[in-house]
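Quick notes on the structure that follows.
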Amino acid sequence: MTRYPASPRLVFLLDTVYREGVHLRYTRDRLLPTPVDSGWVGALEDDPERAERLDAFVARYGRMQDTIGDRLVPSLLRDLLETPGAALDNLNRMEKLGLLSSVADWIEARNLRNRLVHEYMRDIEEFAAAINRARSCVDLLITTYNHIRDYTAQHLVPPEGHTWPERLNL
């Protein structure tokens, strides 16, 4: 099998997602070691430090999800000599390549990101459920990164002077 050279941009994006994943995992593990309930959410009003950590979690979750879906996936497709399409088409291609477990799960993770950002604490029960789902979706983001990273390392050659970033632990 002929392995084509990867672009420096693809390596940069893989490294960016790796770094985002390290920080997201740290924040999740520190802030959300166990599922939360409505009491935990309601107490945010009186605990600005924890509220700030939750904001960091939400921002890091959204950033990693966006970087993978909006930047890394199209860059990978270009380096594989494919033409990126609409986001849904790209996700379907990733699923066919075995890099994404489920397009439906990814769309849920994307919608969840929007709910966390735009419906912040309007309904405490709903917000607690969204936080818990995002907590579990971190594994989806990390697993997707690892699949893309491994596939890239198998099918492309890093540009001279570059190496592939490490895998992320769950």
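The values are calculated or read from the model by the stated rules, or taken from the named source; none is laboratory data. Owing to the predicted nature of the structure, the values given are computational and were not obtained by experimental measurement. Note that we place each Cβ from the backbone using ideal geometry, even for glycine, and neighbour counts take in every protein chain shown.
May I ask you to say which residue of ALA109, ALA104 is assigned to a helix (DSSP H, G or I), under 26 Å from ARG149 (Cβ atoms) and at pLDDT below 95?
Values: ALA104 fails: at pLDDT below 95.
Criteria check complete, one pass: ALA109.
Being more than 29 Å from THR2 (Cβ to Cβ), without any contact (Cβ under 8 Å) to a residue 40 or more places away in the chain and among the aliphatic types (A, V, I, L, M) is a condition met by no residue of the stretch 151-169. May I ask you to verify whether LEU99 is crowded, with 20+ Cβ neighbours inside 10 Å and assigned to a helix (DSSP H, G or I)? For LEU99, the condition - crowded, with 20+ Cβ neighbours inside 10 Å and assigned to a helix (DSSP H, G or I) - is not met.
Kindly establish whether THR34 is closer than 18 Å to ILE131 by Cα, hydroxyl-bearing (Ser, Thr, Tyr), free of Cβ contacts under 8 Å to residues at least 12 places away in the same chain and out of contact with any strand residue (DSSP E or B) (no Cβ under 7 Å at 6 or more places or on another chain). It is true that THR34 is closer than 18 Å to ILE131 by Cα, hydroxyl-bearing (Ser, Thr, Tyr), free of Cβ contacts under 8 Å to residues at least 12 places away in the same chain and out of contact with any strand residue (DSSP E or B) (no Cβ under 7 Å at 6 or more places or on another chain).
How about the stretch 28-62: which of its residues are buried (at least 16 other Cβ atoms within 10 Å of the Cβ) and outside any helix (DSSP H, G or I)? The answer is LEU32, VAL36.
Residue count for the stretch 80-96 satisfying the condition of being surrounded by fewer than 18 Cβ atoms within 10 Å (Cβ to Cβ) and within 14 Å of ILE68 (Cβ to Cβ): 3.
Taken across the stretch 119-140, residues that are within 14 Å of GLY69 (Cβ to Cβ), among the hydrophobic types (A, V, I, L, M, F, W, C) and at pLDDT 90 or above do occur, with at least one present.
Residues that are surrounded by fewer than 19 Cβ atoms within 10 Å (Cβ to Cβ) and touching a residue at least 12 places away in the same chain (Cβ under 8 Å) within the stretch 122-139 comprise ILE124, GLU125, ASN132, ARG133, ASP139, listed in sequence order.
Out of all the residues in the stretch 141-157, which are buried (at least 18 other Cβ atoms within 10 Å of the Cβ) and either more than 30 Å from ASP37 (Cα to Cα) or of a type in the set (A, V, I, L, M, F, W, C) (or both)? It would help to see each step written out before you state the result.
Taking the stretch 141-157 first, the residues buried (at least 18 other Cβ atoms within 10 Å of the Cβ) are 141-142, 144-146, 148-149, 152, 156.
Answer for the stretch 141-157, where residues must be buried (at least 18 other Cβ atoms within 10 Å of the Cβ) and either more than 30 Å from ASP37 (Cα to Cα) or of a type in the set (A, V, I, L, M, F, W, C) (or both): LEU141, ILE142, ASN146, ILE148, ARG149, THR152, LEU156.
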